[in-house]
Amino acid sequence: MIRVQEEDFDTGAEIAALTADNTAIGGVATFTGLVRDMAPVDGSDKPISAMTLEHYPGMTEKKLAEIEAEANRRWPLDASLIIHRYGRLEPGDRIVLVACASAHRQAAFDACQFLMDWLKTDAPFWKLEDTDAGGVWVETRETDAAAAARWNEPADGE
Amino acid sequence: MKILYFAWMRQRIGLATEDIALPDSVATVDELIDWLVARGDGYAQAFVKRDAIRAAVNQDYVPFNHPVSDGDEIAFFPPVTGG
């Protein structure tokens, strides 16, 4: 299941709902992303007072659904959930929740990491951070691309 | 066709979305960018580093040699920073 929303979510309630009525599930791996109070601007960390997340309505839902389907193709998941917020957020606020439930932990852990890595490089969101010097668009990090690339499947025959 | 711009591209162009009639000279994303850049400074600034932006046609990522047609929804944006 995927949800793109402005409002906050209750992590505990979401996990409980995801695993309800399925006693084949042996574990749930989750990742919750939060707004940090510092951000690198021109090479040094600066305090931020808020962040505004812009997204591409329509394509966002499409990409999240594709990424979730890919995780379910690669790992034996009993349930999965991606919630991603947009709009104005303040330090400490929740941005994203990824939860993957499976009979065994390895599939849940791996699928959760895969989803987060792909979200970073493929989901059409953009972060504008409010700093003392004004609004600064967050730039892509090389490490995010590398993290996503490690999930590329080897070509046939390798 | 409908064109959408996001993040700092939207700010530089001063528009989030616009409808244009597909010009005869435009058959690919790259040619569409050439045509847009010729329209004015805001566009030129938004597309100043072409390798730093991404394009989507009908909500799928595409390379710049991808064809475009009149009914398409085309989006231009900086590298994504979600998660």
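The values are calculated or read from the model by the stated rules, or taken from the named source; none is laboratory data. Note that this is a predicted model, so its numbers are computed, not measured. We place every Cβ from the backbone using ideal geometry, glycine too, and count neighbours over all the protein chains shown.
Structure summary
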| read-out | value |
| --- | --- |
| Flag for residue A:70 being acidic (Asp, Glu), within 24 Å of residue A:35 (Cβ to Cβ) and assigned to a helix (DSSP H, G or I) | no |
| Conditions (1) away from chain B (no Cβ under 14 Å); (2) crowded, with 20+ Cβ neighbours inside 10 Å: number failed by residue A:120 | (1) |
| Hits in the stretch A:38-56 - residues which are modelled with pLDDT of 95 or more and outside any strand (DSSP E or B) | A:56 |
| Given (1) touching a strand residue (DSSP E or B) at 6+ places or on another chain (Cβ under 8 Å); (2) in a loop (DSSP other than H, G, I, E, B), number of the condition residue A:21 does not satisfy | (1) |
| Residue count, the stretch B:56-81 (criterion: among the small types (Gly, Ala, Ser) and either touching a Ser or Thr at 6+ places or on another chain (Cβ under 6 Å) or closer than 12 Å to residue B:9 by Cα (or both)) | 1 |
| Flag if residue A:33 is exposed (fewer than 14 other Cβ atoms within 10 Å of the Cβ) and either farther than 12 Å from residue A:81 by Cβ or away from chain B (no Cβ under 14 Å) (or both) | no |
| Hits in the stretch A:54-88 - residues which are surrounded by fewer than 19 Cβ atoms within 10 Å (Cβ to Cβ), farther than 26 Å from residue A:135 by Cα and basic (Lys, Arg) | A:62, A:73, A:74 |
| Selection within the stretch A:1-32 - more than 15 Å from residue A:100 (Cα to Cα) and in contact (Cβ under 8 Å) with a residue 60 or more places away in the chain | A:4, A:5, A:6, A:7, A:8, A:9 |
